[in-house]
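Novice: Sharing a structure with you now.
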Ligand SMILES: NC(=O)c1ccc[n+]([C@@H]2O[C@H](COP(=O)([O-])OP(=O)(O)OC[C@H]3O[C@@H](n4cnc5c(N)ncnc54)[C@H](OP(=O)(O)O)[C@@H]3O)[C@@H](O)[C@H]2O)c1
């Protein structure tokens, strides 16, 4: 019986996906992707079992539900690989040799891996970093799903807001917004690149020169509606009112330094952020001090889980041509983070 189940879970046709980084033990990607893959395999097994013995309407309904939510032939497994810097150049050849189907690339290799790839998607080229590789017909092609993952997250946030207010006829859109981006590091670069395609972006960063460099770069590739601003300008907090979306992409407020914030939103008047969207791309803790303050001043808030999941979902689709179940991905990560935090407190 056990053998039969293992055959159904992993067999000689199972294709390999993975993530490379250094270090990698903290990565949530294996849990996120495997949760979808193994839930799907379990659904397939249940489908098979039920279809052999349908004797009630409930069972028929269960079978229909499973059929709706199950993808055939999603035979993958996702592993994490800790790669020493001196081995990076061998990764692409090794992956091709082993018929690996897809890889995610994480810190510190998102830029360095590019030189070893056969092809790079236009957006990833312009962002200057790759977080996903597809191996197909002996060719390795690099993509960057971070920016688009962020756009999907904002779309989700705006839909949630509309559901809450029962307002179906919304004119909210991920286009034509005035967006303030705090931070000018790697994550900011992907987000600013994607969102400056059709929004006005202002970048503020501790090291002002980095914000200026990002502004100049984005303008040089035709994203004209970008500017950078010195932090001192926010001594007058009413400046924040110029934007309808504010995004923290800095690492300030991330566990364990949870009392840090980039801008102290508690100084704003009551309800000052009503109608505005405030996002922090940090997901540990779920609610940073920055988000808590924003919520207290009336903003609709979102943490970094949604971006993390959507960038992963886009990678998954690049590799498998299938849309993964976002809810399963989210549940698996929330569980993992809650357990991790609980264990650290215990
Ligand atoms: N949700 C997701 O999917 C997702 C994806 C990627 C990253 N992230 C999160 O985003 C954050 C940034 O990641 P990254 O890859 O962009 O890192 P990064 O390239 O190292 O950039 C870090 C940014 O934070 C700023 N910063 C760091 N310490 C600061 C301080 N003490 N005071 C003021 N500013 C400070 C840096 O400013 P300077 O330029 O002045 O140093 C820079 O703008 C991390 O928390 C990461 O976990 C989330």
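The values are calculated or read from the model by the stated rules, or taken from the named source; none is laboratory data. Keep in mind that this is a model prediction, so the values were computed, not measured. Note that we place each Cβ from the backbone using ideal geometry, even for glycine, and neighbour counts take in every protein chain shown.
Novice: Regarding residue 282, is this residue buried (at least 22 other Cβ atoms within 10 Å of the Cβ) and within 15 Å of the ligand (Cβ to nearest atom)? Walk me through it before giving the result.
Specialist: Values: buried (at least 22 other Cβ atoms within 10 Å of the Cβ): yes; within 15 Å of the ligand (Cβ to nearest atom): yes.
Here the answer is yes, as residue 282 does meet what is asked.
Novice: For residues that are assigned to a strand (DSSP E or B) and either more than 9 Å from the ligand (Cβ to nearest atom) or not assigned by TED's automatic domain parsing to the domain that holds residue 244 (or both), tally how many sit in region 176-191.
Specialist: In the first step, residues of region 176-191 are kept if they are assigned to a strand (DSSP E or B); the result is 178-182.
Imposing the further condition that a residue be either more than 9 Å from the ligand (Cβ to nearest atom) or not assigned by TED's automatic domain parsing to the domain that holds residue 244 (or both) reduces the set to 178-181.
Qualifying residue count, region 176-191: 4.
Novice: May I ask you to list the residues in region 80-123 that are within 26 Å of residue 8 (Cβ to Cβ) and loosely packed, with under 14 Cβ neighbours inside 10 Å?
Specialist: Within region 80-123, 98, 99 qualify.
Novice: For residue 257, are the conditions met, namely being in the same structural domain as residue 160 (by TED's automatic domain parsing), within 11 Å of the ligand (Cβ to nearest atom), farther than 22 Å from residue 309 by Cα and surrounded by fewer than 21 Cβ atoms within 10 Å (Cβ to Cβ)? Steps first, please.
Specialist: Values: in the same structural domain as residue 160 (by TED's automatic domain parsing): yes; within 11 Å of the ligand (Cβ to nearest atom): yes; farther than 22 Å from residue 309 by Cα: yes; surrounded by fewer than 21 Cβ atoms within 10 Å (Cβ to Cβ): yes.
Judged against the criteria, residue 257 is a match.
Novice: OK, next. Is it fair to say residue 215 is in contact with a strand residue (DSSP E or B) (Cβ under 6 Å, 6 or more places away or on another chain) and either under 23 Å from residue 251 (Cβ atoms) or assigned by TED's automatic domain parsing to the domain that holds residue 250 (or both)?
Specialist: Working: in contact with a strand residue (DSSP E or B) (Cβ under 6 Å, 6 or more places away or on another chain): yes; either under 23 Å from residue 251 (Cβ atoms) or assigned by TED's automatic domain parsing to the domain that holds residue 250 (or both): yes.
Yes: the conditions hold for residue 215.
Novice: Right, something else. Quick one: which helices (runs of 4 or more DSSP H) sit completely within region 67-175 and have at least 2 residues that are over 23 Å from residue 185 (Cα atoms)? Outline the logic, then answer.
Specialist: On the way: elements: 88-97, 122-127, 146-164.
Correct list: 88-97, 146-164.
Novice: Same structure, new question: Name, by its number, the condition in (1) in a helix (DSSP H, G or I); (2) crowded, with 18+ Cβ neighbours inside 10 Å that does not hold for residue 20.
Specialist: Here residue 20 clears every test but (1).
Novice: Same structure again: Does region 97-124 hold any residues that are more than 16 Å from the ligand (Cβ to nearest atom), in contact with a strand residue (DSSP E or B) (Cβ under 6 Å, 6 or more places away or on another chain) and closer than 26 Å to residue 34 by Cβ, and which are they?
Specialist: 100, 101, 102, 103, 117, 121
Novice: What is the number of the single condition among (1) within 15 Å of the ligand (Cβ to nearest atom); (2) in contact with a strand residue (DSSP E or B) (Cβ under 6 Å, 6 or more places away or on another chain) that residue 300 does not meet?
Specialist: Residue 300 satisfies all of (1) within 15 Å of the ligand (Cβ to nearest atom); (2) in contact with a strand residue (DSSP E or B) (Cβ under 6 Å, 6 or more places away or on another chain) except (1).
Novice: Could you list, in sequence order, all residues of region 283-297 that are under 11 Å from residue 253 (Cβ atoms) and in contact with a strand residue (DSSP E or B) (Cβ under 7 Å, 6 or more places away or on another chain)?
Specialist: Residues satisfying the conditions are 288, 290, 291.
Novice: Within region 192-229, can you find the residues that are crowded, with 18+ Cβ neighbours inside 10 Å, assigned to a helix (DSSP H, G or I) and more than 9 Å from the ligand (Cβ to nearest atom)?
Specialist: The answer is 192, 193, 194, 195, 214, 215, 218.
Novice: Being within 16 Å of the chain's Cα centre (by Cα) and farther than 28 Å from residue 135 by Cβ narrows it down to one residue among 245, 326, 309, 281; which is it?
Specialist: Only one candidate qualifies: 281.
Novice: OK, next. Is it the case that some residue within region 136-157 is within 10 Å of the ligand (Cβ to nearest atom), at pLDDT below 95 and either under 22 Å from residue 316 (Cα atoms) or over 18 Å from the mean Cα position of the chain (by Cα) (or both)? Break it down into steps so the answer makes sense when it comes.
Specialist: If we filter region 136-157 for residues that are within 10 Å of the ligand (Cβ to nearest atom), which is where we start, we get 145-146, 149-150, 153.
If we keep only those that are at pLDDT below 95 too, we end up with none.
So far as region 136-157 goes, no, none of its residues is within 10 Å of the ligand (Cβ to nearest atom), at pLDDT below 95 and either under 22 Å from residue 316 (Cα atoms) or over 18 Å from the mean Cα position of the chain (by Cα) (or both).
Novice: Checking the conditions here, which among 306, 315 is within 13 Å of the ligand (Cβ to nearest atom), farther than 13 Å from residue 247 by Cβ and crowded, with 23+ Cβ neighbours inside 10 Å?
Specialist: Numbers: 306 fails: farther than 13 Å from residue 247 by Cβ.
Just a single option satisfies the conditions, and that option is 315.
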